[in-house]
Every structure is written in C-alpha cells, then in structure tokens.
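Participant: Dropping the structure in here first, questions after.
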Amino acid sequence: MSKNFPFIKIKIQNEDFDVSDEIKILHQNNTGAIANFIGVVRGYDEKNNQIINSMTLEHYPGMTESEIEKIVFESFQRWELTGVTVIHRVGNLKPSDQIVFVGVSSKHRQNAFDGCNFIMDWLKTKAPFWKLEENNNKKNITLIHFSTDYVFDGKSTKKYTETSKPNPLNFYGLTKLNGDLSIICLLYTSPSP
C-alpha cells in the first residue's frame with residue numbers, strides 16, 4: 001500500500017470478519033494510530049425487557065455502499081486519515097455475532113478516534129439497513145430510518161421528492177434524529193405463529 005494514497009475498504013457481507021486481519025491491513029507506513037469499533041448482537045434488550053433470539057439485517061445493494069462511501073469521503077475531508085475500513089454484515093445473526101467493523105488509521109490518535117466515532121455514529125443513526133429482531137421468539141415490528149434523500153414505499157427504495165411521497169398505508173411518520181429530519185417507514189409486521 002502506498003503511503004501517498006489513503007486506503008478505503010467498504011464491504012457489505014453475510015460472512016463474519018477477522019478483526020486482526022482488518023487491523024493488519026490498516027497498519028501501513030505513516031500510520032501512528034488505529035482506532036476501531038466492533039459491534040455485536042446483544043442477547044438481551046434492556047429497554048423492552050426482552051430476550052433477543054436473532055436479528056436479520058437487509059440492505060439495498062448499491063445504495064448502501066454508496067451512502068457509506070459518501071460518509072467515508074467526508075471523514076477524510078474532516079480529519080487527516082490514512083485508511084478506513086467499514087464492514088457491515090447482513091443476513092440472520094445470533095447473539096454475540098459480530099455485526100460491524102469500523103477501523104480508521106491516521107498519523108495521530110485524535111484523528112483516528114474522531115474519524116471512527118463519526119463513521120460509526122452515522123452507521124448507527126442513518127445507514128440504510130433494515131432490521132428485524134426476533135425477541136422472546138416473536139417477530140416484532142421494525143422501523144427503518146432513512147435520511148430525507150430516500151424513502152421506502154413498501155416495495156422499493158427511491159429518491160425522496162415531493163412527488164414520491166410514501167403511500168400512507170406504508171408511511172409511519174417523521175422524526176428528528178440528531179437534528180436531521182428522518183423518514184420512518186413500517187417495514188415488517190407479522191403476527192407470531
């Protein structure tokens with residue numbers, strides 16, 4: 001890897017990832033710090049006092065990677081970074097499975113910390129992933145968060161405009177997340193068997 005060009009890796013995958021391998025890739029010439037975040041599936045939802053049996057994550061191929069790429073490029077504009085890796089898993093995941101890896105390398109630790117936190121915060125609050133949790137062996141209603149750029153109308157994801165407002169049967173409401181207006185749509189409801 002050349003020390004003159006930043007390293008960027010963005011992957012959406014079903015397979016697990018090896019944290020050690022990902023950190024080795026980020027360890028390059030001119031790197032003085034590597035900060036990373038590894039997200040895992042919790043086995044218990046304290047807020048709702050429920051056991052989490054599994055979580056299924058889905059995404060809109062192409063759009064998800066493109067949105068993550070935009071936020072990674074923004075992190076390079078804000079901080080002096082030498083590399084960024086974002087790996088997000090999709091599919092059915094069980095408690096203690098790894099979900100996400102964000103690794104950021106820089107010459108200096110504060111840039112690495114800030115870049116990693118910025119990317120992870122965006123992934124948690126704005127990334128276009130659909131999540132279905134099975135709690136206490138019941139499938140629950142899951143809400144999806146989109147920025148005002150995209151909307152899910154129950155069938156497909158598309159650019160949000162005044163003429164592409166969601167169907168009222170699928171539209172759930174508007175909310176503010178971190179000061180940004182977000183559209184929340186109903187993705188999945190299923191009575192338990």
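The values are calculated or read from the model by the stated rules, or taken from the named source; none is laboratory data. No experiment lies behind these values; they were computed from the predicted model shown. Cβ placement follows ideal geometry from the backbone for every residue including glycine, while neighbour counts extend to all protein chains displayed. Accessible surface is based on the protein model in full, side chains and every heavy atom, while ligands, DNA and RNA are left aside. Shrake-Rupley method; radii C 1.70, N 1.55, O 1.52, S 1.80 Å.
Participant: So the check is Cβ under 9 Å with 6+ separation or different chains; which pairs have a first residue in region 24-42 that's over 18 Å from Trp79 (Cα atoms) and a second one that's open to solvent by 60 Å² or more (accessible area, probe 1.4 Å)?
Facilitator: Correct list of pairs: Ile25/Met1; Gly39/Lys124; Val40/Ser96; Val41/Lys94; Val41/Ser96; Arg42/Ser96.
Participant: Go through region 41-83 residue by residue and tally those that are in contact with a helix residue (DSSP H, G or I) (Cβ under 9 Å, 6 or more places away or on another chain), over 30 Å from Asn135 (Cα atoms) and not aromatic (Phe, Trp, Tyr).
Facilitator: Total satisfying the criteria: 9.
Participant: Now, a different point. For Asn36, indicate whether it is surrounded by fewer than 18 Cβ atoms within 10 Å (Cβ to Cβ), part of a strand (DSSP E or B) and in contact with a helix residue (DSSP H, G or I) (Cβ under 9 Å, 6 or more places away or on another chain).
Facilitator: yes
Participant: Something else now. Does any residue of region 70-79 turn out to be over 13 Å from the mean Cα position of the chain (by Cα), surrounded by fewer than 16 Cβ atoms within 10 Å (Cβ to Cβ), hydrophobic (A, V, I, L, M, F, W, C) and in a strand (DSSP E or B)?
Facilitator: No, region 70-79 contains no residue that is over 13 Å from the mean Cα position of the chain (by Cα), surrounded by fewer than 16 Cβ atoms within 10 Å (Cβ to Cβ), hydrophobic (A, V, I, L, M, F, W, C) and in a strand (DSSP E or B).
Participant: Does at least one position in region 51-58 carry a residue that is assigned to a strand (DSSP E or B) and more than 19 Å from Val100 (Cβ to Cβ)?
Facilitator: Of all residues in region 51-58, those assigned to a strand (DSSP E or B) come to 51-58.
Filter once more, so that each one left must be more than 19 Å from Val100 (Cβ to Cβ): 51, 53.
Yes, region 51-58 contains at least one residue that is assigned to a strand (DSSP E or B) and more than 19 Å from Val100 (Cβ to Cβ).
Participant: If Ser66 satisfies all but one of (1) farther than 25 Å from Phe7 by Cα; (2) open to solvent by less than 60 Å² (accessible area, probe 1.4 Å); (3) not charged (D, E, K, R), what's the number of the condition it fails?
Facilitator: It fails just one condition, (1).
Participant: Across region 17-32, which residue is farthest from Ser106 (Cα to Cα) among those that are in a helix (DSSP H, G or I) and open to solvent by less than 60 Å² (accessible area, probe 1.4 Å)?
Facilitator: Among residues in region 17-32 that are in a helix (DSSP H, G or I) and open to solvent by less than 60 Å² (accessible area, probe 1.4 Å), the one farthest from Ser106 (Cα to Cα) is Val19.
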